[in-house]
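Report on one structure; see the data block that follows.
Each reported figure results from applying straightforward, stated rules to the coordinates on display, with no laboratory input. Just so it is clear, the structure is predicted and the values come from calculations on it, not from any experiment. We place every Cβ from the backbone using ideal geometry, glycine too, and count neighbours over all the protein chains shown.
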Amino acid sequence: MFIDEVILKVVGGKGGDGCSSFRHEKFVEMGGPDGGNGGRGGNVIFKADEGLKTLIDLRYKKHIKGEAGKHGSGALKTGASGEDVIVRVPVGTTVIDVDTNLIVCDLVKHGEEVIVALGGRGGKGNASFKTNKNKAPTVSEYGAPGEERELKCELKLLADVGLVGFPSAGKSSLISVISASKPKIADYHFTTLTPNLGVVEMGENSYVVADLPGIIEGASEGVGLGDKFLRHALRTKVIAYVIDMSGCEGRSPIQDYEVLKKEVSNYSEKLFNKKSIIVASKMDMVDSKKNLEEFKDTYKDLEILETSAITHMGLNELKIKFRELLDLSKDNLYEETEFENYVLYEFKNEKPYTISRENENTWVVSGDKLELLLKMTRFNSDEAALRFARKLKNLGIDEELKSLGARDGDIVKILDNEFEYSEKLNY
């Protein structure tokens, strides 16, 4: 089964909790804090593997989670880090963040690795909070939760030449006689549902040809799943428009070519501007010669190669021409231009929180940084609560609440936790 698109959820492993502990050894007076830090949570890593050809393995892994870090312990022992989870995907896989629609990574080389979900850092033990003013802190942290993302994985096959054409135009027959590929071929109407790859051998040189499923009018907009098939053509260096010159399907070769050009152009200008050639297929049929003359009269400047998969007419010339076009396509090398880049934008000087009023006496404060601080705070002592309050004050939340009209005794909600606002609290 060929699977070329999968949506799944990945979660980095939770960091281990820090430890609150004090030395209790004979003859060691005032031993002090010795709680260790928690270990880092495991990352989720995608790794390109040329041995895989589809995303079918991910179809049954809707939720992938990194291993949690181990908790810290006394005697300044740091917890072990969680194991990374390595997910193998085919070469040519593009990973997109569903929420932002930004490209996370484009895995185009065997063995290439990218972290798609970071594990949470380990919480600090109480030994990490020791200062000159506070030599015996009791406060420690919970481990941070791992990064959580919903990802869409798209497989775009890596091939040198892409055969584009209508259903039953002869693409599968063509690739079966110029390579060792064995796609389904029959004397009844059907269309290829999954791309087929074939390696064309030419002495010491070789290149890969992709037989892409049939394109129909409206394909660029998703009709007949054509947009999913055109995606694979984006990886190719050369586009071969395979036109059925026999007209045996009741279609005009000229009209077929016009529709194909339109759909490819609508889908991607970059794809449309690749090196291309016209392959006139089924030239062994009765009306093929007449239709070809009309086609040549209409498109006088196009280079057209006549072929027949049955009689093997023009196949050697076609293989040589593909090789020549590939040599001219130096500007389309995979490593340089064929893969989408992504830009990470960092917005500075923006408040890391938002404040809204739920009712007359209740305020809701939200923000990733603030919520992470809450999740990592262990409210097991007054010292921990005061530390959390100081953090809120340093972020400017107290001042903004006051300016918005908050009064003593108002409720401040952060996630599922509620706190009482006070102007007179001494930090």
Evaluated over segment 354-420, the Cα radius of gyration and Dmax, each in Å
11.5, 31
Choose one of ILE96, VAL264, GLY39: the residue whose Cα lies farthest towards the positive end of the charge dipole of the chain (beta-carbon charges +1 Lys, Arg; -1 Asp, Glu; about the Cα centre).
GLY39
State, to one decimal in nm, how far the label point of ASP297 lies from the label point of LYS135, with both points 7 Å from Cα in the Cβ direction.
10.4 nm
GLU399 to GLU360: extension gain in nm, 0.36 nm per residue of separation minus the Cα-Cα distance?
12.2 nm
Pairs of alpha-carbon atoms within less than 8 angstrom and 6+ residues apart define the contacts here; what relative contact order does the chain have, in percent?
13 percent
Run through every distinct alpha carbon pair of segment 5-155 and return the Kirkwood hydrodynamic radius in angstroms, one decimal place.
16.8 Å
Evaluate E = 1/(1 + (r/R0)^6) for GLU204 and LYS109, where r is the Cβ-Cβ distance and R0 equals 22 Å; express this FRET efficiency to the nearest 0.05.
0.45
Computed on Cα atoms only, the convex hull of the chain has an orientation-averaged projected area in nm² of 29.9 nm²
For a Förster distance of 51 Å, can you work out the FRET efficiency between the beta-carbons of MET285 and ASN101, rounded to the nearest 0.05?
0.65
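Using DSSP to define loop residues, name the GluC sites (Glu not before Pro) in segment 30-135 whose beta-carbon has at most 16 other beta-carbon atoms within 10 Å. Each step should come with its number before you reach the end.
On the way: sites: GLU50, GLU67, GLU83, GLU112, GLU113; in loops: GLU50, GLU67, GLU83, GLU112.
Taking segment 30-135 and a limit of 16 other Cβ atoms within 10 Å, the loop GluC sites (Glu not before Pro) found are GLU50, GLU83, GLU112.
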Share of antiparallel DSSP beta bridges in segment 5-155, in percent to the nearest 5?
70 percent
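At a Förster radius of 51 Å, what calculated FRET efficiency corresponds to the Cβ-Cβ distance of GLU420 and LYS47, to the nearest 0.05?
Working: r = 50 Å, r/R0 = 0.97.
Once the sixth-power term is evaluated, E becomes 0.55.
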Given springs between every Cα pair under 10 Å in a Gaussian network model of the chain, which of LYS47, LYS402, LYS70 has the largest fluctuation?
LYS402
With the chain treated as a Gaussian network of Cα nodes joined by springs under 10 Å, which of GLY66, GLY32, GLY13 yields the largest mean-square fluctuation?
GLY32
Choice from GLY41, GLY18, GLY409 showing the highest fluctuation, given a GNM over the chain with Cα pairs closer than 10 Å
GLY409
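At a 10 angstrom cut-off on C-beta neighbours, averaged per residue, how do the peptides 282-293, 257-268 rank from highest to lowest?
On the way: 282-293: 16.2, 257-268: 17.8.
So the order, starting with the most tightly packed, is 257-268, 282-293.
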Figure the gain on full extension for LYS9 and LEU386 (residue separation times 0.36 nm, minus the Cα-Cα span) and round it to one decimal in nm.
132.1 nm
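Counting DSSP beta bridges with both partners in the chain, what percentage is antiparallel, nearest 5? Present the calculation step by step, with values, prior to reporting the outcome.
On the way: 40 of 70 bridges.
In the chain, approximately 55 percent of DSSP beta bridges are antiparallel ones.
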Quick one: putting +1 on the C-beta of Lys and Arg, -1 on the C-beta of Asp and Glu, what dipole do you get for segment 57-117 around its Cα centre, in Debye to the nearest 20?
280 debye
